[in-house]
Amino acid sequence: MTEQDDFTKIRVGDFTVGIMGLKAALEEAVKTDFSSDRGVAEYLLKQLKAKNYIPPPAEAEYAQAFLREYKKYKGEEVEVEKYRGLEVKILGPGCPNCDKLEQMVYKVMADEGMAGNVEHVRDLREIASYGLVATPALVINGEIKVSGRLPRESQLRKWLEQAK
């Protein structure tokens, strides 16, 4: 695995961030016997600060996010944090319509001054987990709004306004 392959997106508070080296750090952490969750969180924070910029005021939030990822990695039950804002996912492998839908979302959000996380999901297994057979698809705050076609910009605007 190259270092570029070890780039993982995780949720830290209200944001989705990319972390380099998370998989390798988790593999090493599993081999170590920690006496507490705090020990795991501190270990992962120390390891991952070496490869990632982590703002000092946000270190506690990052440590909690790393602990959550560690528990998921070990197969433990983890309570999923509910995002408290607008979360938009464009599902599609990167076809022209998928890319156009992504640009439409950015345009409407910029025009309306909306803040939120936008993610273009290209992984076919993750797309399939939504039970979809046609792309592009649009998911807003966990709800599938459209699949297999591009919505009109006015419809997209309405969905985003209702969701914020």
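The values are calculated or read from the model by the stated rules, or taken from the named source; none is laboratory data. Just so we're clear, the structure is a prediction, and the values are computed from it rather than from any experiment. No Cβ is skipped: glycine too gets one built from the backbone with ideal geometry, and neighbour counts run over all protein chains shown.
To keep it simple, each residue is scored yes or no on (1) in contact with a strand residue (DSSP E or B) (Cβ under 9 Å, 6 or more places away or on another chain); (2) at pLDDT below 90.
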residue: GLU76; (1), (2): no, yes
residue: GLU81; (1), (2): yes, yes
residue: ARG84; (1), (2): no, yes
residue: LYS89; (1), (2): yes, no
residue: CYS98; (1), (2): yes, no
residue: GLU102; (1), (2): yes, no
residue: MET114; (1), (2): yes, yes
residue: HIS120; (1), (2): yes, no
residue: ASP123; (1), (2): no, yes
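Scan the range 104-131 residue by residue and report those that are more than 20 Å from LYS9 (Cβ to Cβ) and not basic (Lys, Arg). Within the range 104-131, MET104, VAL108, ALA110, ASP111, GLU112, GLY113, MET114, GLY131 meet the criteria. The lone criterion from (1) farther than 30 Å from PRO136 by Cβ; (2) in contact (Cβ under 8 Å) with a residue 24 or more places away in the chain; (3) of a type outside the set (D, E, K, R) left unmet by TYR43 is number (2). Could you check, for the range 45-66, whether at least one of its residues is aromatic (Phe, Trp, Tyr), surrounded by fewer than 16 Cβ atoms within 10 Å (Cβ to Cβ) and assigned by TED's automatic domain parsing to the domain that holds MET20? Looking for residues that are aromatic (Phe, Trp, Tyr), surrounded by fewer than 16 Cβ atoms within 10 Å (Cβ to Cβ) and assigned by TED's automatic domain parsing to the domain that holds MET20, one finds at least one in the range 45-66, hence yes. Here GLY18 fulfils each of the conditions (1) surrounded by fewer than 11 Cβ atoms within 10 Å (Cβ to Cβ); (2) over 16 Å from the mean Cα position of the chain (by Cα); (3) outside the structural domain of ALA115 (by TED's automatic domain parsing) apart from (2).
Looking at LYS107, LYS100, LYS89, LYS72, just one residue is buried (at least 17 other Cβ atoms within 10 Å of the Cβ) and either out of contact with any His (no Cβ under 7 Å at 6 or more places or on another chain) or outside the structural domain of GLU28 (by TED's automatic domain parsing) (or both), and that residue is LYS89. Quick one: would you say LEU138 is touching a Lys or Arg at 6+ places or on another chain (Cβ under 7 Å) and either among the polar types (S, T, N, Q) or surrounded by 14 or more Cβ atoms within 10 Å (Cβ to Cβ) (or both)? The answer is yes for LEU138.
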